[in-house]
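Colleague: I have a structure here, written as structure tokens, and I will follow up with some questions on it.
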Amino acid sequence: MPDEPRNLGRRAALQRLALAATLPACATLAPVFSTSAVAAATRSSANAGRLKQSVCRWPYKNVPLPEFCKRAKQFGLVAIDLLNPDEWSVATDAGLVVSMGYAAQRGKFIQTGFNDPANHAMLIGELEAALPLAAKAKVPNLIAMFGNRIDGMSDATAIANCVAGLSKIAPKASELGVTVCVELLNSKVDHAGYQGDHTAFGVAVMQGVNSPHVKLLYDIYHMQIMEGDVIRTIRDNIKWIGHFHTGGVPGRHEINETQELNYHAIAEAIADLDYRGYVAHEFEPTRPDPFASLAEAVRVCTV
């Protein structure tokens, strides 16, 4: 683990001490998180925690998927996020759940969403084909998008369009027990023009569809950028949230004292709501050993 910043804040210091206290003496503040002693301690702590933690595949795309699955399990992760259908069996064979899958591989995935009726036939067709496969593979969630804004289209019209499209796939999702999760993203830094960039927009769509198998993917990183007030927003809208992503703000890096959110407190707030879904880490590690950052994230969110 890198040296602590000299001006480490009091809150972060207390948080780090609390996390260190959960580790055995031989592992506390070890210089490399991926040692077997620390991996075992992290796994034991995570397994005792109240949240099911997962990790997104893409930040570790340079690691072969079988090796990535093996390393993820070492730290107590129970699932892998954002895998394509042809990758699902690799994770399940490794004893991991695919906590969020793609329905299909195609370009402009984020930009092409349910806000535009012209996309509905394609999006519904993809989901209709993927939902039975997901059910068979025990993949609990498939990801979908609201899409980029259309010139001249109001939010009210876009919400109505999303409700109409998602309502067509909701019965199939419910029948098969797979949840379609539509992601909230920021339009300020990463995804200019994305329409589902505030929780209120997503909640309005969820209320209109009103299905237990159509939910929001609440990305904490994105919503901190757009609106903040993360814990209160989660508490007020947990009924409509089916999945979480993490990431440090700013920069989408480690979720430790280098960024502005207290992820341990956020994780505790989510667990206190009796949330039964997955919390998936979706940050880009900056350490030479990316698994050191992943092990740290697991401990931060173990509550």
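The values are calculated or read from the model by the stated rules, or taken from the named source; none is laboratory data. Predicted model, so just to flag it, every value in this text is computed and none were measured. Please note: Cβ atoms are built from the backbone with ideal geometry, for glycine as well, and neighbour counts cover all protein chains shown. In case anyone asks, the SASA skips ligands and DNA or RNA and just uses the protein heavy atoms, side chains included. Shrake-Rupley method; radii C 1.70, N 1.55, O 1.52, S 1.80 Å.
Colleague: Please specify each residue of region 96-137 satisfying the condition of being part of a loop (DSSP other than H, G, I, E, B) and either in contact with a Phe, Trp or Tyr (Cβ under 9 Å, 6 or more places away or on another chain) or of a type in the set (A, V, I, L, M) (or both).
Modeller: Listed by number, the residues that qualify are L96, Y102, A103, A104, F109, I110, Q111, G113, F114, N115, A137.
Colleague: Out of everything in region 134-162 that is open to solvent by 30 Å² or more (accessible area, probe 1.4 Å), of a type in the set (A, V, I, L, M) and touching a residue at least 12 places away in the same chain (Cβ under 8 Å), what residue ends up being nearest to N84 (Cα to Cα)?
Modeller: By that ranking, first place goes to A137.
Colleague: When you check I234 against the structure, is it buried (at least 16 other Cβ atoms within 10 Å of the Cβ), in a helix (DSSP H, G or I) and not small (G, A, S), yes or no?
Modeller: Yes: the conditions hold for I234.
Colleague: Applying the selection to region 73-104, what residues are over 11 Å from C56 (Cβ atoms) and in contact with a Gly (Cβ under 7 Å, 6 or more places away or on another chain)?
Modeller: Correct list: K73, P85, W88.
Colleague: Another question, if that's okay. Please state which one of E282, E296 is surrounded by 18 or more Cβ atoms within 10 Å (Cβ to Cβ), modelled with pLDDT of 95 or more and out of contact with any Gly (no Cβ under 9 Å at 6 or more places or on another chain).
Modeller: Working: E282 fails: out of contact with any Gly (no Cβ under 9 Å at 6 or more places or on another chain).
Going through E282, E296 in turn, the sole match is E296.
Colleague: Just one of V182, V249, V205 is of a type in the set (V, I, T), on the phi < 0 side of the Ramachandran plot and assigned to a strand (DSSP E or B); which is it?
Modeller: Of V182, V249, V205, the one residue that is of a type in the set (V, I, T), on the phi < 0 side of the Ramachandran plot and assigned to a strand (DSSP E or B) is V182.
Colleague: Within region 242-264, how many residues turn out to be in contact with a strand residue (DSSP E or B) (Cβ under 8 Å, 6 or more places away or on another chain) and open to solvent by 10 Å² or more (accessible area, probe 1.4 Å)? Walk me through it before giving the result.
Modeller: Of the residues in region 242-264, the ones in contact with a strand residue (DSSP E or B) (Cβ under 8 Å, 6 or more places away or on another chain) are 242-247, 255, 263.
Then keep just the ones that are open to solvent by 10 Å² or more (accessible area, probe 1.4 Å); that gives 242.
Result for region 242-264: 1.
Colleague: Would you check if K239 is within 30 Å of T157 (Cα to Cα), open to solvent by 30 Å² or more (accessible area, probe 1.4 Å) and not in a loop (DSSP other than H, G, I, E, B)?
Modeller: Spelling it out, K239 is indeed within 30 Å of T157 (Cα to Cα), open to solvent by 30 Å² or more (accessible area, probe 1.4 Å) and not in a loop (DSSP other than H, G, I, E, B).
Colleague: Something else about it: I'd like to know if region 177-185 contains one or more residues that are touching a residue at least 60 places away in the same chain (Cβ under 8 Å), of a type in the set (A, V, I, L, M, F, W, C) and farther than 17 Å from L123 by Cα.
Modeller: The answer is yes, given that some residue of region 177-185 is touching a residue at least 60 places away in the same chain (Cβ under 8 Å), of a type in the set (A, V, I, L, M, F, W, C) and farther than 17 Å from L123 by Cα.
Colleague: What single numbered condition from (1) surrounded by fewer than 19 Cβ atoms within 10 Å (Cβ to Cβ); (2) of a type in the set (S, T, N, Q); (3) touching a helix residue (DSSP H, G or I) at 6+ places or on another chain (Cβ under 7 Å) fails to hold for N84?
Modeller: N84 satisfies every listed condition except (3).
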